[in-house]
Amino acid sequence: MQPTLIEYDADITCIDTMYLHEGHAACYLMVNNGHAAFIDTGTGNTVPYLLETLKLKNLNIQDVDYVIPTHVHLDHAGGAGLLMSKLPNAKLVIHPRGAPHMINPEKLIAGATAVYGQENFKKLFGEVVPIDEHRVVVAKDNDEIELGDRVLKFLDTPGHARHHFCVYDKTSDGIFSGDTFGLSYREMQKGSVDFILPTTTPVQFEPEPWYASLDKILAHNPKNIYLTHFGCVTEIVKLAKELRQDIAKYAEITKQYLHANNSENKIREDIESYLQKRLQPNYSNEEIEQFTQFLQPDLNLNAAGLKVWLSRIEKAA
Ligand SMILES: [Zn+2]
């Protein structure tokens, strides 16, 4: 199980979780004075890669102090329980709204099984293992923990999900953003220019809290943002502006279909056209075609999440 790694400054290693395909989802290992932490874990199938990465870094399983999923979606936290079972000294640090689901993952499993089916569930996520509540530390907004002489601060960042925090690390001047700072795949990077898009996965997309979360991230003036999907981006102010515009556009598109039939498909078509327009200034027609195909799974998830949000608005109206 040879892991695919990207090494960044400040003892941060990006590890490919191998979820869906190479380059789709990452998690991170951070080290300080022999103390280690994983930020996001990938799925149960990722765990062998994480243990192998420790070996490559000459670290023991005893050296891992913390396992820190940014939120409890299974591509970020599905492997947390299995990983914790291999790490005798580790505490799980998690958002208050995520903690119950890590201690008893039944609802997470049922939710994902409903979406993906029993057989696919196992293939995609492997084994989802409950975590002993005595090993779980809840991190509220602005709470801090120490890793060696490094301080990690947690920022409550709803918008993608209400159980989402981001992790600010002063040492790297970086923020681990989970899904709050959107998706930006390395395949789509052109020179030093990144392309970013939001991830509005079911079931807790909320535009207004998301804008506030982006403001909170920008207020820390980070030099680096470490995305789960995928890797480090540095043009923070520009990307945040684009992300905010995209979220607003997604919300506007969605609201057009209030009480409409077949709204999910219509939303799906509209966000795809919008995406293609966004790509036009920087990419050839051939590349746009290629990236539209490449982003199909994300567009499907985004449309499904927007539809859930629309249904909530319809019910409240
Ligand atoms: Zn997510």
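Nothing in this text is a laboratory measurement; each read-out follows from the coordinates by a stated rule. Every value quoted in this text rests on a predicted model; they were computed, and no experiment measured them. Here the Cβ is made from the backbone with ideal geometry for all residues, glycine too, and neighbour counts use every protein chain on show.
Result for the chain in a Gaussian network model with C-alpha springs under 10 Å: among Leu54, Leu239, Leu197, the largest mean-square fluctuation is at Leu54.
Distance between the 7 Å Cα→Cβ label points at Asp173 and Ala316: 3.9 nm. Counting only lysines at least 8 places from Lys190 when in the same chain, those with an alpha carbon closer than 19 Å to its own are Lys238, Lys241, Lys277. Of the beta bridges in the stretch 5-237, as assigned by DSSP with both residues counted there, near 70 percent are antiparallel.
Computed from backbone phi with θ = phi - 60° and the Karplus coefficients 6.51, -1.76 and 1.60, the 3J(HN,Hα) list for the stretch 210-218 is 5, 4, 5, 5, 5, 4, 4, 5, 5 Hz; x is used for glycine and proline.
Note on Lys140 and Ala260: the model spin-label points, each 7 Å out from Cα along the C-beta direction, lie 4.3 nm apart. Gap in Å between the Cα centre of the stretch 8-53 and the Cα centre of the stretch 271-285? After rounding, the separation between the Cα centres reads 31 Å.
Assign unit charges at the C-beta atoms only (+1 for Lys and Arg, -1 for Asp and Glu), then state the dipole size of the chain relative to its Cα centre in Debye, rounded to the nearest 20.
Computed charge dipole of the chain: roughly 540 debye.
Treating r as the C-beta distance of Glu269 and Glu133 and R0 as 51 Å, the FRET efficiency rounds to 0.70.
Helix-derived [θ] at 222 nm for the chain: sum -39500 (n - 2.57) over DSSP H runs of at least 4, divide by residue count, nearest 500? Result for the chain, helices only: -12000 deg cm²/dmol.
Among the listed pairs Lys122/Lys315; Lys86/Lys153; Lys216/Lys307; Lys107/Lys255; Lys223/Lys266; Lys122/Lys223, a Cα-Cα separation exceeding 32 Å is found for Lys122/Lys315; Lys223/Lys266; Lys122/Lys223.
Applied to the stretch 159-172, the Karplus parametrisation 6.51 cos²θ - 1.76 cosθ + 1.60 on θ = phi - 60° returns per-residue 3J(HN,Hα) values of x, 7, 8, 7, 9, 10, 10, 10, 10, 9, 10, 4, 4, 8 Hz, with x for Gly and Pro. Between Gln2 and Ala219, the FRET efficiency estimated from the beta carbon spacing at R0 = 25 angstrom works out to 0.05.
Of the trypsin sites (Lys or Arg not before Pro) found in the stretch 20-118, those that fall in a DSSP loop while having at most 16 other beta-carbon atoms within 10 Å are Lys57. The HN-Hα couplings worked out from phi for the stretch 239-250 by the Karplus form 6.51 cos²θ - 1.76 cosθ + 1.60 (θ = phi - 60°) are 5, 5, 5, 5, 5, 4, 5, 5, 4, 4, 5, 4 Hz, whole numbers, x standing for Gly and Pro.
From the alpha carbon centroid of the stretch 136-171 to that of the stretch 192-267 is 20 Å. Maximal additional length on extending the Ala10-Leu51 stretch stands at 12.7 nm, based on 0.36 nm per residue less the C-alpha distance. Residues whose amide H comes within less than 5 Å of that of Asp143, counting only those at least five positions distant or on another chain, are Phe154 (H built at 1.01 Å from N in the peptide plane). Here Val308 and Gln62 are evaluated by their C-beta separation; at R0 = 41 Å the FRET efficiency comes out at 0.45.
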